[in-house]
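The values are calculated or read from the model by the stated rules, or taken from the named source; none is laboratory data. Treat the numbers as computed from the prediction; the structure is a model and nothing was measured. Don't worry about glycine lacking a Cβ; one is built from the backbone with ideal geometry, like all the others, and counts go over all protein chains shown. Heavy atoms of the whole protein, side chains included, go into the accessibility calculation; ligands, DNA and RNA do not. Shrake-Rupley method; radii C 1.70, N 1.55, O 1.52, S 1.80 Å.
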Amino acid sequence: MHRVSFLLAAVWTLSLSLWAESSTKSTSPAYTAASVVNAASNSADALAPNTIATLYGTDLAYDTNQALFKNVNGSMLPELLSGVRVYVGQYTASLYYISPRQINFVIPDLHPGDMDFYTSRQGIAGPHVRITLRDVGPGLFQREPGIIAATHADGSIITKDHPAHGGETVVLYGTGLGHTKPVVAVGEFSMVAAQMQRLSDLRVIVGGTTLDTASIHYAGVSPGSPGLYQVNVKLPKQLAPNPEIRLTIGDQSSAANMTLPVR
């Protein structure tokens, strides 16, 4: 499956099932700072530069739209979809998806700290709220509730019916792993692999055991998918079924109770 399609499904398909889409043209966009979250972890405390984020609210857009080849400007995600813009620290964010109740966007390359955030729908601004950006905010996407979005080395999706095995190298997909070497342009469909800057601080914990750093073959952006990161890791040969996997970078950690189908 193409990485962009895989990402789109992981980021918002599950969330959409929770919302009844409707639009009311007489009111301005409504949301709070707590409803701006890391799209993978759903945490407001895990926002970082080049992170795919989700805004939940009401009256965010008049219709539903997403970034497609027809509205991609060259090699960049659009910053305007159906009259909707997202502003983080006065910079416009790259947009993946908009709907009346949900927007998925990529946080611009900004320094950590408190930022002004607001949206605009056809020139009607929503409330200005303060969000906090961190250096990193690791999160793993879910293919379904509680199950990590991951693939085998050949690109096929890891599922309960097509699980991983001990000793296999798998690819975990997430966001919020921070700056990279070389630097990538936020929102660009770049095909260049770029490793995360804080690689030495990354720990992959499988079934409660921290793996040796030699087991991490790559950790950085996933080429062709803005804001998406991947961690290519070799699993231990001896492994209990369906282990919990967590990523930690310093004092920041991905969500608990996220498992990988392993048999």
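Taking region 115-152, which residues are in contact (Cβ under 8 Å) with a residue 60 or more places away in the chain, in a loop (DSSP other than H, G, I, E, B) and more than 14 Å from A48 (Cα to Cα)?
Q122, G126, P127, F141, P145, G146, A149
Would you mind finding the one in G220, G227 that is within 30 Å of V72 (Cα to Cα), assigned to a loop (DSSP other than H, G, I, E, B) and open to solvent by less than 40 Å² (accessible area, probe 1.4 Å)?
The match here is G227.
Restricting attention to region 64-74, does a residue exist that is in contact with a Pro (Cβ under 7 Å, 6 or more places away or on another chain) and within 24 Å of T180 (Cβ to Cβ)?
The answer is yes, given that some residue of region 64-74 is in contact with a Pro (Cβ under 7 Å, 6 or more places away or on another chain) and within 24 Å of T180 (Cβ to Cβ).
Just one of (1) open to solvent by 50 Å² or more (accessible area, probe 1.4 Å); (2) more than 15 Å from V136 (Cβ to Cβ); (3) touching a residue at least 24 places away in the same chain (Cβ under 8 Å); (4) not hydroxyl-bearing (S, T, Y) trips up P182, so point out which.
Looking at each condition in turn, P182 falls short on (3).
Out of the residues in region 234-250 that are of a type in the set (A, V, I, L, M) and either in a loop (DSSP other than H, G, I, E, B) or open to solvent by 50 Å² or more (accessible area, probe 1.4 Å) (or both), state the one that is nearest to P138 (Cα to Cα). Before the answer, list the steps.
Let us first name the residues in region 234-250 that are of a type in the set (A, V, I, L, M), namely 235, 239-240, 245, 247, 249.
Within this subset, residues satisfying the condition of being either in a loop (DSSP other than H, G, I, E, B) or open to solvent by 50 Å² or more (accessible area, probe 1.4 Å) (or both) are 235, 239-240.
Numbers: L235: 19, L239: 24, A240: 24 Å.
By that ranking, first place goes to L235.
This table checks each residue for (1) at pLDDT 95 or above; (2) of a type in the set (S, T, N, Q); (3) open to solvent by less than 10 Å² (accessible area, probe 1.4 Å); (4) touching a Gly at 6+ places or on another chain (Cβ under 7 Å).
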{"position": "M115", "(1), (2), (3), (4)": "yes, no, no, yes"}
{"position": "A125", "(1), (2), (3), (4)": "yes, no, no, no"}
{"position": "V129", "(1), (2), (3), (4)": "yes, no, no, no"}
{"position": "G139", "(1), (2), (3), (4)": "yes, no, yes, yes"}
{"position": "R143", "(1), (2), (3), (4)": "no, no, no, no"}
{"position": "A149", "(1), (2), (3), (4)": "yes, no, yes, no"}
{"position": "H152", "(1), (2), (3), (4)": "yes, no, no, no"}
{"position": "T159", "(1), (2), (3), (4)": "yes, yes, no, no"}
{"position": "A164", "(1), (2), (3), (4)": "yes, no, yes, no"}
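List the strands (runs of 3 or more DSSP E) that sit entirely inside region 47-107 and contain at least 1 residues that are modelled with pLDDT of 95 or more and under 14 Å from the mean Cα position of the chain (by Cα).
Once the strands (runs of 3 or more DSSP E) in region 47-107 are filtered for at least 1 residues that are modelled with pLDDT of 95 or more and under 14 Å from the mean Cα position of the chain (by Cα), what remains is 52-56, 94-98, 102-106.
Provide a single number: the residues in region 157-175 that are without any contact (Cβ under 8 Å) to a residue 12 or more places away in the chain and either under 15 Å from the mean Cα position of the chain (by Cα) or closer than 17 Å to S222 by Cα (or both).
The number of residues fulfilling the criteria is 0.
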